[in-house]
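Comments concern the structure below.
Read-outs: derived from the displayed coordinates by stated rules, not from any lab. This is a predicted model, so every value here is computed, not measured. Cβ sites come from the backbone with ideal geometry, for glycine too, and all protein chains shown count toward neighbours.
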Amino acid sequence: MSLSNTALFTPVKLGILELPNRVIMAPLTRTRAINHQPNELMAEYYAQRASAGLLISECTMVSEGTSAFGHDPGIYHQDQIDGWKLTTDAVHKADGRIFMQIWHAGRAAHPLFNNGREAVAPSAIAIDDVTHTPEGKKPYTVPRALTVEEIQQVVEDFRQGAINAREAGFDGVEIHGANGYLIDQFLRDSANQREDIYGGSLENRTRFLREILDAVTEVMGAGRVGLRLSPLNSFNSMRDSDPVEWMRYLADLLNGYDLAYLHVMRADFFDQQHADVVSVARNTYQGHLMVNMAYSVEEAGQTIADYQADSVAFGKAILANPDFVERAKISAPLNEPSPETFYTDGAEGYTDYPFMNA
């Protein structure tokens, strides 16, 4: 193992937590929460991966009727709180740490997943794509623009989601501000064409996020709150006219919140926008910087050794390797992920990936 790789496996403080290593399990939608209910299978999946420094759960709905995937979990009623306790208890029993990613899909929520309920967004602009629905592939619908009063209700949903996540035993929450979902829709100018206090300038476009940060950090304490951003990602028809300045503005803004971490996705799923947003974040943001998207173990270690980030989130590699940390430490071969089982509803391709010594 090289000296740079060694850096990946050193302890680090993240908010109020002491992590044994800097390997983070990225939030990964897996659609095993039938009827939006967390369950024992999910608890097994997360507990298997508890040797990572921190697990971040899949995106979890704070508002009922906002499903984008069909079997995405929620955190808006007591049964879901109780169901998630299975996961947090199992992870903690395995000596792990876990944050819940709290989320609102906005215009990515299709009515066919939500008993006909229309999608909402900052502006009435549809995602220019099709999505899988119970009736097959369908175009995204044109969302209804939220009123100011409705925006305040969503902020309260995030607050209550954080309260519920705390009751469910999570060590903290990650606010999902990335990948073209509701917060990101407000943040980036391709999706936000409002002319009120929530649109136009960066100050106005960040207002919704600031209100959510205020509400969630009041509930959790700042050291238990992270935020994920994707300044370049064009997924869900997203774009910003100046992603570098956007990243700089957000990073400076977040210095005022003393968060557990800022989680930055460094690239674009579709390779349409290019910029070095990680360096902008590192040079501006004064707290724990987590980075993500297609890092090898070697690059991740070098990134940390060079003080370009404090931790690295891995997605598919941990999905397919419950003992990823142990394998990475000795450069052992990795299981290959099975994309055809990413979004199915059983144990296959979920909890049956072999451990190194199995």
- Please list the non-local residues whose amide H lies under 5 Å from the amide H of Leu14, H modeled 1.01 Å from N, same-chain partners needing a gap of 5 or more. Leu19
- Value at 222 nm in deg cm²/dmol, rounded to 500, when DSSP H runs of n ≥ 4 in the chain each add -39,500 (n - 2.57): -9500 deg cm²/dmol
- Message: Using Cβ counts within 10 Å as a stand-in for footprinting exposure, how do Phe9, Phe208 rank, fewest first?
- Response: Phe9, Phe208
- Item | Neighbour cut-off at most 14 other Cβ (10 Å), DSSP loop, chymotrypsin sites (Phe, Trp or Tyr not before Pro), segment 305-354 | Tyr307
- Query: What list of ³J(HN,Hα) values in whole Hz, one per residue of segment 66-73 in order, does the Karplus curve 6.51 cos²θ - 1.76 cosθ + 1.60 (θ = phi - 60°) give from phi, with Gly and Pro shown as x?
  - Reply: 10, 6, 10, 10, x, 10, 7, x
- Item | Centre separation in Å (Cα based) which lies between segment 248-310 and segment 83-155 | 25
- So, over other residues within a Cβ distance under 11 Å of Glu118, counting Lys, Arg +1 and Asp, Glu -1, the net charge is +3
- Message: Using the Kirkwood radius over C-alpha pairs as Rh, can you work out the diffusion coefficient of segment 190-235 via Stokes-Einstein at 37 °C, viscosity 0.692 mPa s, in µm² per second?
- Response: 269
- Query: Hey, any idea what the orientation-averaged projected area of the convex hull of segment 3-341's Cα atoms comes to, in nm²?
  - Reply: 15.2
- Query: Stretch Gln78-Asn357 to full length: gain in nm at 0.36 nm per residue minus the Cα-Cα span?
  - Reply: 96.6 nm
- Query: Want the number for Gln193 to Ser338: 0.36 nm per residue separation, take away the alpha-carbon distance, what's left?
  - Reply: 48.3 nm
- Item | Length released on extending from Glu348 to Glu149, taking residue separation times 0.36 nm less the Cα-Cα span | 67.3 nm
- For segment 194-235 and segment 165-183, write down the distance between their C-alpha centroids in whole Å. 12
- Task: Neighbouring Cβ atoms within 10 Å as the yardstick, rank Glu348, Glu156, Glu174 fewest first.
- Result: Glu348, Glu156, Glu174
- To the nearest 0.05, the calculated FRET efficiency linking Ile163 and Gln286 through their beta-carbon distance, R0 being 30 Å, is 0.60
- What number in nm² do you get for segment 1-74 if you take the convex hull of its Cα atoms and divide its surface by four? 6.3
- Item | Relative frequency of Cα-Cα separations exceeding 15 Å in segment 114-156, percent | 52
